[in-house]
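Student: Shown below is the structure under consideration.
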Amino acid sequence: MITWRTIVVVLLVGLAGGTLTAQQESRLARLFDANSLKQNIRFLSDDGFEGRAPGSRGGELAAKYIAMQLAMSGIKPGNNGSFFQPVNLIAVKANKDAVLRIGNRNATFDYDFGRDFVVTTGVQRKRVNINNELVFVGYGIDAPEQDWNDYKGKKSDYRNKILVMLVNDPKPTRKDPDRFGGKGLTYYGRWTYKFEEAARRGAAGVILIHTNESAGYGWNVVETSLGGSWRYEVERGAGDNSPALRMKSWVTEQTARRIFAQADLNLDELREKAESKKFKPVKLNLRATMNQTYELKKLQSNNVVGYWEGRDENLRDQHVIYTAHWDHLGVGKPNSEGDTVYNGALDNASGVTQVLALADAITRLPRRQQPKRSQVFLFTTAEEQGLLGAEYYASNPVYPLEKCAANINVDGGNFYGRTSDYGALGAERSSLGKIVNKELKERGMTFSPDDKPEQGYFFRSDHFPFAKKGVPALSIRNGTKYIGRPAGWAEQFFTEYNSKHYHQPSDEFRDDWVFDGMVQMLDVTLGIALEASNVKKLPRYNKKDEFAKAQPNRR
Ligand SMILES: [Zn+2]
């Protein structure tokens, strides 16, 4: 007999069942242990590692600890029998006494280091002499997928020239509100791109025109970062013939106005012209001369690489690569409490710990659930100096990048609890997006898109050198909707972290951190990685994406 009691019970069971399915732990979550994550992050951010600076005793000890952890999990050495990939770094510092002389036969003008311009070099020599012609190239962008090329004309128009250019990318127009990402930033807007493209064109140097608005920061920022402070680069090996700029410089807007006035040209008019795809480069009929000296110092560090062979013999020559940078800022300026160790607990002991946990989890999967493609675990050095360990690996890959299905980067972590959503920078750019959404749907979760595309976060961690080489890449980010918390609840943690602890000695392990959210994220991340390891076709960038052109033949 059906009583009201039975009906209520059936309803309750039904409801409970429904809720359970939506929030059910996937089978993968069981492979992660909150307490192990906690202990590992606590250990890696201990003062004993001295802030994990590349090349320092504490930093290289952290790299050895990571290799030992991989070995203990049964992961194989990933670099021809070794867990280490040596990365030689060089720091370059400009002496501030140089004068930049610009002019023609009739008149010259001298500009002062620091006040008018700053400069560094890409050729890693103690003495660099410049005596070259100036050409204004607008934004200095070649973007086939946007049908845009500022480098019109002959190759010789740019070879051995100093290219003067604007930072940022062409502004959206009423007719074309989405050009160059609309309000978002494309890589074409970053100054690093401008230097790289000019080098590919065989230019001798670049002069970037700074404005507060276009750069997004004041001249003081440019001056402190380039104006006579140490800047690290990957050391150019003997016989390295890759293009490098002799002169990488920025000038103030005032200096730029003065230079254009010397050429009888108006900067504002040329800026206006540069907003059109019809823009043609303009010879300034001026030469720049400068005798600049640099101090150099060398440093040896290591990426850590682990390897796990895929189960499918037809797919195991392809792989998924995980990245997390082990380095942080070392020992430095004391904070108000006199603390000098930049522990980097969140940035990035947490990411290292998560990738170690992913590696360990994969070794414990039953045979039939093992990934078909191989797995490569890369712990990079010198991310904080400009993604140098990742850049080095991407230029000297142990496993061919054309056979890399995906890069999954972890930089930071969730210490605040479970969420109903999950973020992965870059998901919208490639077919990995479909995989991300499938895994989230299975878990009753939603995707949290990048809410600040104008900040260009996609260009600021170790997945980016892989993206530039055409490898579909994701950088994992916390969700924003914390279960049982009001909307915007976590915002305060991020604001506090960014203003008080980011790149400070106080980025330390905290006893009030919780780890259930991290376990949940690892469950999703492993699901995505396994799917990317098993899908028939190699994932690829969407046709219109700016990184598709790096691997046009990827099938
Ligand atoms: Zn980081």
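The numbers here are math on the coordinates, done by the rules we state, and not lab data. Keep in mind it's a predicted model, so treat the numbers as computed, not measured. Cβ coordinates were reconstructed from backbone atoms using ideal geometry, including for glycine residues, and neighbour counts include every protein chain displayed.
Student: Of the listed peptides 452-462, 136-146, what is their order by residue-averaged count of other C-beta atoms within 10 Å, with the highest listed first?
Tutor: Working: 452-462: 18.2, 136-146: 22.1.
Final packing ranking: 136-146, 452-462.
Student: A follow-up question, please. Spelling out what I want: for every residue of the range 292-304, take phi, set θ = phi - 60°, compute 6.51 cos²θ - 1.76 cosθ + 1.60 (Karplus), and round to whole Hz; glycine and proline get x.
Tutor: So the J values, rounded to whole Hz, are 10, 10, 10, 9, 10, 9, 9, 8, 10, 9, 9, 7, 10.
Student: Taking the highest mean first, how do the peptides 527-533, 87-93 order by number of other beta carbon atoms within 10 angstrom per residue?
Tutor: Final packing ranking: 527-533, 87-93.
Student: Order these by the 10 Å Cβ neighbour count, fewest first: Arg367, Arg311, Arg540, Arg257. Numbers along the way, then the final one.
Tutor: Numbers: Arg367 6, Arg311 18, Arg540 21, Arg257 15.
Result, fewest neighbours first: Arg367, Arg257, Arg311, Arg540.
Student: Can you tell me what share of the DSSP beta bridges in the chain is antiparallel? A percent to the nearest 5 is fine. Walk me through the intermediate numbers first.
Tutor: Working: 53 of 85 bridges.
Roughly 60 percent of the beta bridges in the chain run antiparallel, per DSSP.
Student: So what is the relative contact order for the range 107-175, in percent, with contacts set as C-alpha pairs under 8 Å and at least six apart? Spell out each step's value before the answer.
Tutor: On the way: 51 pairs, mean separation 20.7, N = 69.
It rounds to 30 percent for the range 107-175.
Student: If you don't mind, there's one more thing I want to ask. Within 10 Å of each residue's Cβ, count the other Cβ atoms and sort Ser430, Ser156, Ser56, Ser225 from fewest upward. List each step's numbers first, then the result.
Tutor: Details: Ser430 24, Ser156 9, Ser56 18, Ser225 13.
Neighbour counts put them in this order, fewest first: Ser156, Ser225, Ser56, Ser430.
Student: Report, in deg cm²/dmol and to the nearest 500, the calculated mean residue ellipticity at 222 nm for the chain, where each DSSP H run with n ≥ 4 adds -39500 (n - 2.57) and the sum is divided by the residue count. Before the final figure, lay out the partial values.
Tutor: Working: 14 runs with 151 residues, N = 555.
One gets -8000 deg cm²/dmol as the mean residue ellipticity at 222 nm.
Student: Given axes a ≥ b ≥ c from the Cα gyration tensor, I'd like to know whether the range 326-411 is rounded (a/c under 1.5), prolate (a/b larger than b/c) or oblate.
Tutor: Details: a/c = 4.44, a/b = 1.75, b/c = 2.54.
In terms of gyration-tensor shape, oblate.
Student: So, one more: Once the Cα atoms of helix 4-23 and of the chain are each reduced to a long axis, what angle between those two axes, in degrees from 0 to 90 to the nearest 10, is obtained?
Tutor: For helix 4-23, the angle is close to 30 degrees.
Student: Starting from the Kirkwood Rh over alpha-carbon pairs, what translational D in µm² s⁻¹ does the range 85-208 have by Stokes-Einstein at 10 °C and 1.306 mPa s?
Tutor: Values: Rh = 16.6 Å.
Taking Rh from Cα pairs, D becomes 96 µm²/s.
Student: Relative to the longest principal Cα axis of the chain, at what angle does helix 191-200 sit, 0 to 90 degrees, rounded to 10?
Tutor: Rounded to the nearest ten degrees, it is 60.
Student: Need one number: % antiparallel among DSSP beta bridges in the range 307-455, to the nearest 5.
Tutor: On the way: 4 of 18 bridges.
Counting only bridges with both partners in the range 307-455, antiparallel ones make up about 20 percent.
Student: Let me have the relative contact order for the range 392-492, percent, based on Cα pairs under 8 Å that are six or more residues apart. Let's see the in-between values first.
Tutor: Values: 141 pairs, mean separation 42.9, N = 101.
Value for the range 392-492: 42 percent.
Student: Provide His463, His501, His210 in ascending order of the number of other Cβ atoms located within 10 Å of each residue's Cβ, fewest first.
Tutor: Details: His463 30, His501 18, His210 26.
Exposure proxy ranking, most exposed first: His501, His210, His463.
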